[in-house]
Amino acid sequence: MKKYLLGLAVLLMGTAVMTSCDPAEDYPETYLQVYSTGAYVVNSGNMYSKIESSLTAIDYASSTATQNVFKAANGRSLGNTANDGIVYGNKIYLAVDQSNTIEVIDKKTKQSIKQIKTTDLLGKAEGADPRHIIADGGKVYFTTYGGYVAAVDTTDFALQKKWQVGSYPEGLVIGNGNLYVANSNYGAGGGNISCINLSNDNVETKNIEGVNNPTSIYYASNVLYVLDNPVYGPAPDYAATGENSLRTVSFAEGKSQKVADGNYAVCVTTGAATTARTSVEMVRPHFFVLNTPYGGTPSVSVLVAGSTQAQAMTLSEMPVSPCGIFADPLNGHIFVLSYKMGDNGYADYNGNGYVVEYDSAGQKQHEYATGVGSCAMFFDSAYKTAYAE
């Protein structure tokens, strides 16, 4: 009998121990939450003044900006006229126009992994002057002033495909299985848009009514948008005709409609993970549009994707000579690039610039120094463990 009671006691004790270790009871549910860690500023330098390109890194945690991070890590120049960049996976990709390179660097160390010579990859003419770059599905896509879009594998950096598009292509975007390209024709007028069907590689290039010098292109809420700029006449006057505007595009109909005034724009869909692992609170895609009319007063407006009426937005402090607008897709903060003013009262194109960070309501948060000719920004993120409520 004693042996039986002892055995029963041991059994019950074991059950109690096992119950107290039940994960559902003692350990809260966790999930990985993505959060913003910082940003990068691409500085083109000044080709005519022989000022090299550089990369500025902004760290949110310390609210500091570090200059020349590529050169510091590699002991060499980034090159001549860097124009665009992205973070994709654990790598950074930079399009360096006049050097005809795509620089691939390690996100953590900033050391170069591969320098892709676009003229070797595509040919001397076809690969000249890489301009803008995006990534999707294990590939990076970039445009060249040679009139091509190239797709490169992110593992071995080999050329996957190339497509001939219009004249002097600039921005590109993927939407609904297609890759759309803004062909600027170098601001001479007659710019158009190319549509690459990624499933069959068919390319259709079409003139769009109201679009003459497209430079940036976006796809939001199943709508195609393009940033169109004035057309410039011949030397020596280079007289400008037309206007800076954000336009919706119906590619099928070959028509467009103006929805905002501006020569810089960014489209962002901010999202914040909620307490449920599979639930994400998404904000409808929207544009921040920066208008900097020559001799006029700079302004910012907000356009919700799908609407046709932009709303004015007031920044608590407008930079002195704004030259670009960007937004962190995770925290929604707005960044406006700017030149500094020279002693002559005009923008100093040979001096270092700066960028102002605002919250989503337009209130200034920080100001960071940048390099010469700041022209693009892109953002970084990481994952952390979060606890479900």
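None of the figures in this text is laboratory data; all of them are computed from the coordinates on show. Quantities reported herein were computed from a predicted structural model and do not represent experimental measurements. Cβ placement follows ideal geometry from the backbone for every residue including glycine, while neighbour counts extend to all protein chains displayed.
Values as computed for the structure displayed
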| quantity | calculated |
| --- | --- |
| Cβ charges +1 (Lys, Arg) and -1 (Asp, Glu), total dipole of segment 260-389, debye | 260 |
| Nonlocal amide H pairs with A128, under 5 Å, H built at 1.01 Å | G146 |
| CD proxy at 222 nm, helix term only [per DSSP H run n ≥ 4: -39500 (n - 2.57); per residue of the chain; nearest 500] | -2500 deg cm²/dmol |
| Of every Cα-Cα pair in segment 126-187, the percent that sits beyond 14 Å | 50 |
| Stokes-Einstein D (µm²/s) once Rh is taken as the Kirkwood radius of segment 73-205 over alpha-carbon pairs, at 20 °C in 1.002 mPa s | 145 |
| Ratio of Rg to Rh over segment 28-116 (Cα coordinates, Kirkwood Rh, two decimals) | 1.06 |
| 30 Å Cα-Cα threshold exceeded, pairs from K162/K384; K110/K161; K50/K258; K107/K258; K124/K255; K71/K340 | K162/K384; K50/K258; K107/K258; K124/K255 |
| Mean Cβ neighbour count within 10 Å, used as a protection proxy, ranking 228-240, 285-297 highest first | 285-297, 228-240 |
| Taking the C-alpha atoms of segment 321-389, convex hull volume expressed per residue in Å³ | 106 |
| Segment 111-159: trypsin sites (Lys or Arg not before Pro) in DSSP coil with no more than 14 other Cβ atoms inside 10 Å | K124 |
| Rg/Rh ratio calculated on Cα atoms of the chain (Kirkwood radius) | 1.10 |
| Dimensionless Rg over Rh [segment 227-350; C-alpha; Kirkwood] | 1.05 |
| For segment 72-79, 3J(HN,Hα) per residue [Karplus equation, 6.51 cos²θ - 1.76 cosθ + 1.60, θ = phi - 60°, Hz, x = Gly/Pro] | 5, 7, 10, x, 8, 5, 5, x |
| Reachable aspartates and glutamates, given that their alpha-carbon falls under 16 Å from the alpha-carbon of K117 and they are not under 8 places away in the same chain | D84, D97, E103, E126, D129, D153, D156 |
